[in-house]
Amino acid sequence: MYFLIFLSSILGALIAPVFSFPKFVIFLPFLFFKKRECFWILFFFLAFNILSVVNFNGEFEFVGRVIQTNDSYSLVKGDIFYNGKWKKLNVLVGVNKEIPLGDIVYYYGPFDAKKYSYPKVTLDKNRVIVSPYFSLVRNIYTKTENFRKKILNYSKVYYGLFGGKVKDKIYSDSGLYHFFSISGLHISLIFAILTSVLTFFSLSDLSKKFIALMVSFLFLISCGNNLPSLRAFLYLFLVILFEKLIPKMSKIDILSFVGLFFLFFQPFLAYSLSFYMTFFSTFGILSVENNKLKPLAAFLGCAPFLSLFSNVNIFSIIGTFVLIIPFQIILTSLMIAYFFYILNFSLIVDFILKVSLPITKFIEFISGIFSRFPKIHGGIITYFLFSVLFFAFLLHFGQIPYILKSKSSN
């Protein structure tokens with residue numbers, strides 16, 4: 001049921017710019033109170049529709065703090081001076097520049113809320129004044145930024161895997177760019193690698209998971225706290241938590257719960273392609289029990305949304321199988337190198353980076369091969385074709401529609 005509630009919440013937020021319900025209709029679901037599924041689905045649909053109504057234009061004064069950042073974009077949360085007093089702005093605003101996490105942003109100028117985009121507002125970067133706010137989070141991010149500059153001198157593969165933005169066309173054309181875009185995959189790999197390493201120590205299962213989760217959290221901050229990696233971290237945290245508190249809760253329900261959490265704080269994520277790609281690729285993985293089919297399920301989960309802004313390389317599924325182990329090796333090497341970098345053991349860092357270089361060359365070679373393969377042209381037709389294919393795949397191999405499946409078994 002959680003997944004259907006998640007979908008109804010997205011739908012409610014999506015139609016808000018076109019049609020928004022008046023607030024009093026939030027009581028309408030109580031007419032269906034005895035039918036729990038109908039009640040909750042309708043309630044969340046109306047609630048997120050109402051929450052998603054934000055229309056403001058004009059010149060305002062704004063002060064906020066950076067909560068997400070990467071090579072070319074930052075998201076800021078803060079307050080706006082409106083009608084003679086400061087009010088919390090329940091909308092994240094974007095700035096087209098990299099600003100360290102936690103820094104204070106001051107802005108005075110036009111605010112134009114766009115209807116069908118995320119974020120709703122993008123500030124003119126030439127009017128933005130940034131003031132450093134020294135904190136542990138900022139120190140972690142800036143320390144990692146210095147490490148990224150160092151590893152870029154060795155390989156762009158290193159740089160891309162540790163939070164940098166790789167702009168070489170071969171990686172996007174190969175369909176393997178998801179390895180170079182810090183995502184849930186990186187958080188999951190780090191968590192899995194660390195829990196495997198910690199099996200050699202006499203620790204409880206919960207302690208091992210907690211340590212792995214804390215290191216994953218540091219990686220999350222160091223790479224800018226972006227949406228896909230934050231989704232993966234929260235998902236892993238709730239999986240560990242619910243194993244003890246609500247053991248019967250399925251992983252798909254937990255993923256849906258995380259999605260609802262994101263939408264509650266930012267309903268406008270309903271217009272973010274990154275939001276759909278990270279959630280539906282993960283949904284595909286969780287819906288399929290056969291491990292060999294999981295990469296295909298992840299690809300089909302994000303392919304419809306990928307096709308809306310680029311061509312799709314279907315052969316990238318094979319490339320993912322070929323490179324998954326090399327990428328795990330490189331990511332492990334980078335984590336070890338980063339640990340020694342923090343301890344100022346430069347010789348050890350250089351040694352690790354040099355030893356791992358042949359693997360980066362192999363990754364570049366394979367990516368180059370797959371970049372030459374033919375691609376399917378993106379567009380709205382391709383979007384619907386991939387959506388149908390994803391649904392058909394899950395009907396046959398997965399648990400969707402799992403609500404219908406459970407009802408048929410009754």
Quiz prompt | Options Asn57, Asn83, Asn70: the member that is open to solvent by 20 Å² or more (accessible area, probe 1.4 Å), under 22 Å from the mean Cα position of the chain (by Cα) and modelled with pLDDT under 90 | solution = Asn70
Quiz item: Do you know which residues across the range 213-243 are within 14 Å of the chain's Cα centre (by Cα) and over 21 Å from Thr69 (Cβ atoms)?
Solution: Tyr235, Leu236
Self-check item: Output for the range 75-106, where each listed residue is closer than 26 Å to Cys223 by Cβ, in contact with a Gly (Cβ under 8 Å, 6 or more places away or on another chain) and not basic (Lys, Arg)
Solution: Leu75, Val76, Gly78, Leu89, Val93, Leu101, Ile104, Val105
Quiz prompt | Residue that is farthest from the chain's Cα centre (by Cα) [pool: residues in the range 184-212 that are under 22 Å from Met277 (Cβ atoms) and open to solvent by less than 20 Å² (accessible area, probe 1.4 Å)] | solution = Ile190
Quiz item: Of the residues that sit in the range 19-39 and are assigned to a helix (DSSP H, G or I) and among the basic types (Lys, Arg), which one is modelled with the highest pLDDT?
Solution: Lys23
Practice problem: Residues being assigned to a helix (DSSP H, G or I) and surrounded by 14 or more Cβ atoms within 10 Å (Cβ to Cβ): count how many of those fall in the range 126-142. | Solution: 6
Quiz item: Looking only at the range 46-76, which residues are among the charged types (D, E, K, R) and closer than 15 Å to Val130 by Cβ?
Solution: Arg65
Practice problem: Name every residue in the range 311-335 that is out of contact with any Pro (no Cβ under 7 Å at 6 or more places or on another chain) and open to solvent by 40 Å² or more (accessible area, probe 1.4 Å), in order of residue number. | Solution: Asn311, Ile314, Phe315, Ile318, Val322, Ile324, Ile325, Gln328, Ile329, Thr332, Met335
Quiz item: How many of the residues in the range 244-256 are in a helix (DSSP H, G or I) and over 15 Å from the mean Cα position of the chain (by Cα)?
Solution: 6
Practice problem: Might you let me know whether the range 361-381 holds any residue that is farther than 19 Å from Thr282 by Cβ, surrounded by 15 or more Cβ atoms within 10 Å (Cβ to Cβ) and hydroxyl-bearing (Ser, Thr, Tyr)? | Solution: yes
Quiz item: Got a sec? Which of Leu198, Leu194, Leu213 is in contact (Cβ under 8 Å) with a residue 24 or more places away in the chain and in a helix (DSSP H, G or I)?
Solution: Leu213
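The values are calculated or read from the model by the stated rules, or taken from the named source; none is laboratory data. Only a predicted model underlies this, so the values are computations on that prediction, with no experimental measurement involved. Glycine gets a Cβ as well: all are built from the backbone with ideal geometry, and neighbour counts include every protein chain shown. In case anyone asks, the SASA skips ligands and DNA or RNA and just uses the protein heavy atoms, side chains included. Shrake-Rupley method; radii C 1.70, N 1.55, O 1.52, S 1.80 Å.
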